[in-house]
Each structure stands twice: as C-alpha cells, then as structure tokens.
Amino acid sequence: MENKKGLMLVISGPAGSGKGTVNNHLLETGDFVYSVSATTRPPRPGEINGKNYHFITREEFEKRIKSGDMLEYTEYCTNLYGTPKKEAEEVLASGKNLILEIEVEGAANVKAKYPDAVLILLLPPSFEIQEQRLRNRGTETEEKILLRLARTKEELKSSDIYDYVVYNHDGRDTEAAEQIMSIVNSERCALKRNPNVAKLYFSKNK
C-alpha cells in the first residue's frame, strides 16, 4: 500500500533566488499547496488576508504559541511570523505536498519538530549572479542590496541543515521546479516513508 500522506517541503533561498517563480510552477501541478503564514505586521497595500498572510494581533499570535497551534514561528523586525499547525496538518493528511517558504531559522525549527520534513535550499548559480539580479531589479537602494547580500552570507553558514540544494539558472526556473518534483518523488519512495513493506505486500487487503 503506497504511502498517501503528503510531504512537508521547506523551500528557502536568499533574495534573488526566484523562490516565488519556482514555487508557482509547483503549485500549477495541483500536487502542492502553499502554506499561508500568520503574522502580526499590518497588511501592505494590495495584500489580502488569508491569501498573502493571516493577519492577526500579537495577543492572538502569542495565544496560539502557548496553545501549540503554531508549527513554527520567528520574530523579525519586531513582528512575529509563523505557520499555523492545523492548516499544515490538514494539507498533509489530504495527500498534497505542503510548501513552506521560510527562512533558515524557521527551517531549523521545522526540522526539529518534524524530522521527516524535506528541506531544500534554492540558490542562484553563484553569489555574483545573485548580486546582479538584485541590482537589475532597480527597486532597492544600495544599502538594502548590501544588507540582503550580507544576510545571504550569514544564512549560508547554516546550509548544512538542508537536505538538498537546487540551483535556479536564468531562464531555467521550470527546470528548477522539475528538480524539486524529482526530489519529492524520490522521497515518497523512500523506505523510511513506507514501513512494513513486506507485510503490506503480502496483505490481501492492500
């Protein structure tokens, strides 16, 4: 009997890695569901509650932490961000793969609580290309670009917590998504996710 439970997939990557584009390719397949994070920060223009984020008060967020209703959470720039536990587990039980697009700290928290989670680091082909992509955007100040690049150097010091690395080359974001799908297919076939193979194989009720 094939294991029908979905995989918890953490996809992290620095600014300029193309996470949004690659994740959209995965969502288009119908086999993946994007986890909508909760946050205490106010919505920005154009953001929709329940689609971009679940916008809640700090009091409500802290209440969910105490009750164990947050799968993982972190504080960034005085605001709390986290993954609602109930929604995540419902997606996994449905057989869909859950995408958590979170930073290194959040990824480490997920791995500690859910050892079966698959952590993927999505990177540009090189640090130089990452810098080029950020500058080509033309939307950020020099100070902001330097801060993002410095953050990348710090985050990659913890790259060993990830299970896989996928490089997103220019114009080949579809290929990067296909690599992630291959990883998911391989993980679904792993014996650690399919215990009691012999017993199930000979079962008349499989």
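None of the figures in this text is laboratory data; all of them are computed from the coordinates on show. Just so you know, these numbers come straight off a predicted model, no measurement behind them. Heads up, the Cβs are rebuilt from the backbone with ideal geometry, glycines too, and the neighbour counts pull from every protein chain shown.
Each label point was placed 7 Å from the Cα along the Cα-to-Cβ direction; for Ser182 and Glu143 their separation is 4.4 nm. Inter-label distance, Ser158 to Lys4: 3.6 nm, where each label sits 7 Å from its Cα along the C-beta direction.
Tally Lys/Arg at +1 and Asp/Glu at -1 over every other residue whose Cβ is under 14 Å from the Cβ of Ile145; what's the total? It works out to a net charge of +2. At a Förster radius of 25 Å, what calculated FRET efficiency corresponds to the Cβ-Cβ distance of Phe127 and Thr174, to the nearest 0.05? The pair Phe127/Thr174 has a calculated efficiency of 0.60. Helix 19-28 axis versus longest C-alpha principal axis of the chain: approximately 40°, rounded to the nearest ten. Sparse packing (at most 16 other Cβ atoms within 10 Å of the Cβ) combined with a DSSP loop state is found for the following trypsin sites (Lys or Arg not before Pro) in region 84-178: Lys96, Arg172. Start at zero, step by 5 Å, and the Cα-Cα distances of region 1-88 spread as 3, 12, 19, 22, 21, 13, 8, 2, 1, 0 percent across the bins. Of all lysines in the structure, the ones whose alpha carbon falls short of 24 Å from that of Lys113, not counting any fewer than 8 places away in one chain, are Lys4, Lys5, Lys19, Lys63, Lys66, Lys85, Lys86, Lys96, Lys157, Lys192. Only Cα sites of region 124-206 enter the Debye sum here, all with the same form factor; the resulting log10 I(q)/I(0) across q = 0.18 1/Å is -0.93, listed in q order. Its DSSP H runs of at least 4 residues, each contributing -39,500 (n - 2.57), put the calculated 222 nm mean residue ellipticity of the chain at -12500 deg cm²/dmol, to the nearest 500. Kirkwood hydrodynamic radius computed over the chain comes to 18.5 Å, based on all pairs of distinct alpha carbons.
Of all beta bridges that DSSP places with both ends in region 52-190, some 60 percent have antiparallel geometry.
Rounded to whole Å, the principal axis extents of the Cα atoms in region 117-164 read 35, 18, 17, largest first.
For the chain, the longest piece that avoids every one of the GluC sites (Glu not before Pro) found in DSSP loops with at most 14 other C-beta atoms within 10 Å covers 48-139. For the chain, a Gaussian network of Cα nodes joined below 10 Å ranks Leu98, Leu80, Leu119 by mean-square fluctuation, and the top entry is Leu80. The distance linking region 39-71 with region 76-110 is 12 Å (Cα centroid to Cα centroid, whole angstrom). Along each principal axis, taking the top coordinate minus the bottom one, the Cα set of region 39-95 gives 34, 27, 16 Å in descending order.
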